[in-house]
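A short worksheet on the structure shown next.
The values are calculated or read from the model by the stated rules, or taken from the named source; none is laboratory data. Predicted model, so just to flag it, every value in this text is computed and none were measured. Positions of Cβ are backbone-derived with ideal geometry, glycine not excepted, and every protein chain shown enters the neighbour counts.
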There are 2 protein chains.
Amino acid sequence: MANKLDSAFAALSDPTRRAIIERLVTGPATVSDLAAPHDMALPTLMRHLKVLETCGLVRSVKKGRVRTCHIEAGPLMDVQGWLEWQRRVWEGRLDRLSALAHDIDRSN
Amino acid sequence: MANKLDSAFAALSDPTRRAIIERLVTGPATVSDLAAPHDMALPTLMRHLKVLETCGLVRSVKKGRVRTCHIEAGPLMDVQGWLEWQRRVWEGRLDRLSALAHDIDRSN
DNA sequence: GCAATACTTAGCGTTATGGCTAACAAACTT
DNA sequence: AAGTTTGTTAGCCATAACGCTAAGTATTGC
């Protein structure tokens, strides 16, 4: 099974899927709701939804003939966590560099 | 030309490329340095590097026969920015929900 | 019951992705 | 000058991704 970050980043690399997420952060929506703004065949959009569900970014429940989708924050946090970690290391490096520069400066 | 977020997220969806980023946040490295930990043919790794360069996550300079790569923070910030935005909307929604719950509670 | 609605499944075609090998080019080393 | 190191280019293969249409399955409304 591939890393969770793999599938989360991959899912978010598609503009249609990001648009779906952007919609869902404002609240739950049905499949038709989600499809409406996208000039795209329904099965195609459904597949995007499935990608989002597979990586855990979206969950859904079907009631009658209507499926309602909602967002799941977990994977977004994972992604944000990874980015935050990189930023910290990066900034740590900058700190060390400026500390080094400061040391060099003092030694002159 | 595709959205910058598309290519940044796509670039980060591959574990090899994330590993390269994880290495580069600690400081610049040559192509060989970057290739060393990955049991992978050099041209394959070069292509990963090219993907990272194409989306602006990595830049490199060649001196003699050695190419040195360094990270570029911009695209990472873009990605983080998008995530942050979603989180804000999401949390805003929660705030409104709890406010609503509070109102309902008071009205009883 | 019949028709419309809201998905859902199946299958097709094109393009992109991630891996490889083989062969080439340029720059050090000896 | 010859050989080693460090990329680089070209091309092949297999799989996955993204779009479609057509046809099927439940629900719901009339």
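For every residue, the table says whether it meets (1) away from DNA strand C (no atom under 16 Å from the Cβ); (2) outside any loop (DSSP other than H, G, I, E, B); (3) within 16 Å of residue A:89 (Cβ to Cβ); (4) modelled with pLDDT of 95 or more.
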site	(1), (2), (3), (4)
B:39	no, no, no, no
B:43	no, yes, no, yes
B:46	no, yes, no, yes
B:51	no, yes, no, yes
B:59	yes, yes, no, yes
B:67	no, yes, no, yes
B:74	yes, yes, no, no
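Quick check: is even one residue across the range A:75-88 more than 20 Å from residue B:19 (Cβ to Cβ) and surrounded by 15 or more Cβ atoms within 10 Å (Cβ to Cβ)? Among the residues of the range A:75-88, at least one is more than 20 Å from residue B:19 (Cβ to Cβ) and surrounded by 15 or more Cβ atoms within 10 Å (Cβ to Cβ), which makes the answer yes. Number of residues in the range A:24-53 that are more than 13 Å from the chain's Cα centre (by Cα) and within 14 Å of another protein chain (Cβ to nearest Cβ) equals 5. Summed over the range B:7-18, the residues that are more than 9 Å from DNA strand C (Cβ to nearest atom) and either of a type in the set (D, E, K, R) or over 11 Å from the mean Cα position of the chain (by Cα) (or both) give a count of 1.
Which of the residues spanning the range B:23-37 are over 16 Å from residue B:72 (Cα atoms) and either in a loop (DSSP other than H, G, I, E, B) or near DNA strand C (Cβ under 9 Å from one of its atoms) (or both)? Matches in the range B:23-37: B:36, B:37. Of the numbered criteria (1) within 30 Å of residue A:51 (Cα to Cα); (2) surrounded by 14 or more Cβ atoms within 10 Å (Cβ to Cβ), the one residue B:30 fails is (1).
On the stretch given as the range B:1-23, residues that are closer than 13 Å to residue B:69 by Cα and within 14 Å of DNA strand D (Cβ to nearest atom) total 2.
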